[in-house]
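The values are calculated or read from the model by the stated rules, or taken from the named source; none is laboratory data. Owing to the predicted nature of the structure, the values given are computational and were not obtained by experimental measurement. Virtual Cβ from ideal backbone geometry, glycine too; neighbours counted across all protein chains shown. Heads up: the accessible areas ignore ligands, DNA and RNA and are worked out on the full protein's heavy atoms, side chains in. Shrake-Rupley method; radii C 1.70, N 1.55, O 1.52, S 1.80 Å.
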Amino acid sequence: MKVVNLNESQFDNFAINHKYRSYYQTSMYGNLIKNFGYKVQYLGIINDNNKLVGATLIMYKEVFMKNKIGYAPRGILFNYDNVETIPEMVEVLKKALSKQSYMLLRMDPYIAASIRNYQGEILNLNNKVDDITEALVDQGFEFKGKTVNFEGEKPRWESIVLLNNDIRVLFESFDKRTRNKIRRASSLGIEVKKDETKDLKYLYNFIRTKDNKPLSYYQELLKSYGNDTEIYYATINTETFIINARRTYEKEMEQNNNLQEIIQDPTIGEKSRNDYLNRKMESDSLLQIYKNNMILSTKLLKQYPNGIPIAGALIIKYDNAAYEFIEGVDDRYKQLNASYLLKWKLIEDYNNQKLKYLNLNGIVGDFQNKSKYSGLNEMKLGFNSTVVEYIGEFDLTINKFTLNLYKNLNKK
């Protein structure tokens, strides 16, 4: 094997057909990231028959006396299942990168380690993943571990909604709480539409604190991925909101009064009384929510008579699938469940387009314990998502002496 340089076209032609392809391993991503302090190169790995058997986009910076630190996002593209070829691949890669003054290369191949249901129960295991990890470690890669949260450059766990099904069947497969939140958001007058103008103004306000990227990053992303990007907004129709908020409150008040009368009936049994008491407490909680919605709807109609966006998402379409690159909600209106309705609209639209799946992006791999990410998991997994766990992140030290010197001089 040997390493060669590829142009964008050569790289894309190989990458789009690879088993571990990703929209990060494209010249579109390369053209995006070049605008934000990184340099980009495309490397190919050819075998003794001069056939291209591997490739990668590497984004890098010259950080210390022209020495480089590089990252292959969702790369390197290579047939890792053929474990016995890994040592030679790593050997020629290290030699090539050493000649180019790399100190370190990080990668996180798009290799699925397990497929799970929304409860985290294993449906399928990749029986090669331990052998692949061992082979990489034997050749000098440092494995960053089977992380559970968001410790790496990219999520190690993702939530995917499989499409190409009857839309009613899809909806009924959702968790009951998810279905209820979708219905409530819709009943309040929230409407979800694709923004044909791809206006980032509102979306950026929702996401600006999420990953601290500038507005220009998303503007360049739209340019780089072009027609493969879409923006959706969930907007409150404030006229409908005030009408429906009042109607919903009055209906629940009537239900609450009926439950109160039943509880006070001396003829009902203790078991039934307890059941109605539980329903009454649930109704009390809903009444408070609906009352707050009435107050809010009155205020919003005065401020925004033409409606106001309260949630949005930026989508990248790649390889007959849709990826929710980033989403955001106006924190002032989180309780209206606009994000649930937004995801439901995405599922409807992309199912109608016969896409394979909607990737809802990262979740955490802890399905039992409560954490600050529990709400994130509950929302994304409530759509009867399939969970994909990936192999994880690896660091390859190319020049240990220079890297350690750099680290000592830059304690951060």
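Which residues, counting only those in the stretch 1-37, are assigned to a loop (DSSP other than H, G, I, E, B) and among the hydroxyl-bearing types (Ser, Thr, Tyr)? Scanning the stretch 1-37 gives Tyr20, Ser22, Tyr23, Tyr24, Thr26.
What are the residues in the stretch 269-288 that are modelled with pLDDT under 90, open to solvent by 50 Å² or more (accessible area, probe 1.4 Å) and either among the small types (Gly, Ala, Ser) or within 30 Å of Gly189 (Cβ to Cβ) (or both), if any? Passing the criteria: only Ser272. If the condition is being part of a loop (DSSP other than H, G, I, E, B) and crowded, with 16+ Cβ neighbours inside 10 Å, then the stretch 154-174 contributes Lys154, Pro155, Arg156, Leu163, Phe174.
Checking Asn369, Asn351, Asn337, Asn361 one by one, the residue that is under 24 Å from Gln119 (Cβ atoms) and free of Cβ contacts under 8 Å to residues at least 12 places away in the same chain is Asn369 and no other. When Met107, Met65 are screened for being under 28 Å from Asn17 (Cβ atoms) and either open to solvent by 40 Å² or more (accessible area, probe 1.4 Å) or under 26 Å from the mean Cα position of the chain (by Cα) (or both), only Met107 passes. Of the residues making up the stretch 38-48, none is aliphatic (A, V, I, L, M), in a loop (DSSP other than H, G, I, E, B) and surrounded by 15 or more Cβ atoms within 10 Å (Cβ to Cβ). Among the residues examined, Lys66 does not qualify as within 21 Å of Ile132 (Cα to Cα) and either touching a strand residue (DSSP E or B) at 6+ places or on another chain (Cβ under 7 Å) or among the basic types (Lys, Arg) (or both). So for the stretch 201-212 (the condition being part of a loop (DSSP other than H, G, I, E, B) and surrounded by fewer than 17 Cβ atoms within 10 Å (Cβ to Cβ)), does at least one residue qualify? Yes; the residues of the stretch 201-212 include at least one that is part of a loop (DSSP other than H, G, I, E, B) and surrounded by fewer than 17 Cβ atoms within 10 Å (Cβ to Cβ). Here is a check on your reading of the model: is Gly120 in a loop (DSSP other than H, G, I, E, B), over 30 Å from Asn351 (Cα atoms) and either touching a residue at least 12 places away in the same chain (Cβ under 8 Å) or of a type outside the set (Phe, Trp, Tyr) (or both)? Criteria not met by Gly120. Checked against (1) under 19 Å from Tyr204 (Cα atoms); (2) of a type in the set (Asp, Glu); (3) modelled with pLDDT of 95 or more; (4) open to solvent by 10 Å² or more (accessible area, probe 1.4 Å), Asp331 passes all but condition (3).
Would you pick out the residues in the stretch 372-399 that are in contact (Cβ under 8 Å) with a residue 40 or more places away in the chain, over 19 Å from Leu162 (Cα atoms) and under 15 Å from the mean Cα position of the chain (by Cα)? Correct list: Tyr373 only.
For the condition in contact (Cβ under 8 Å) with a residue 12 or more places away in the chain and over 22 Å from the mean Cα position of the chain (by Cα), what is the one hit in Ser186, Ser173, Ser159? Within the list Ser186, Ser173, Ser159, the selection yields Ser186. Among the criteria (1) surrounded by fewer than 18 Cβ atoms within 10 Å (Cβ to Cβ); (2) aromatic (Phe, Trp, Tyr); (3) under 27 Å from Glu121 (Cβ atoms), the one Tyr406 does not fulfil is (3).
Look at the stretch 21-43: where a residue is at positive phi, no partner that is open to solvent by 30 Å² or more (accessible area, probe 1.4 Å) and hydrophobic (A, V, I, L, M, F, W, C) sits 6+ places away or on another chain with Cβ atoms under 6 Å. Scanning the stretch 255-269 for residues that are in a helix (DSSP H, G or I), among the charged types (D, E, K, R) and over 30 Å from Leu314 (Cβ atoms) turns up at least one hit. Residues being open to solvent by 40 Å² or more (accessible area, probe 1.4 Å), outside any strand (DSSP E or B) and either modelled with pLDDT under 95 or not basic (Lys, Arg) (or both) are entirely absent from the stretch 68-75.
Yes/no per residue for (1) crowded, with 16+ Cβ neighbours inside 10 Å; (2) assigned to a helix (DSSP H, G or I); (3) among the basic types (Lys, Arg):
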{"position": "Gln335", "(1), (2), (3)": "no, yes, no"}
{"position": "Lys345", "(1), (2), (3)": "yes, yes, yes"}
{"position": "Leu358", "(1), (2), (3)": "yes, no, no"}
{"position": "Glu389", "(1), (2), (3)": "yes, no, no"}
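Within the set Tyr276, Tyr233, the sole residue that is assigned to a strand (DSSP E or B) and not aliphatic (A, V, I, L, M) turns out to be Tyr233.
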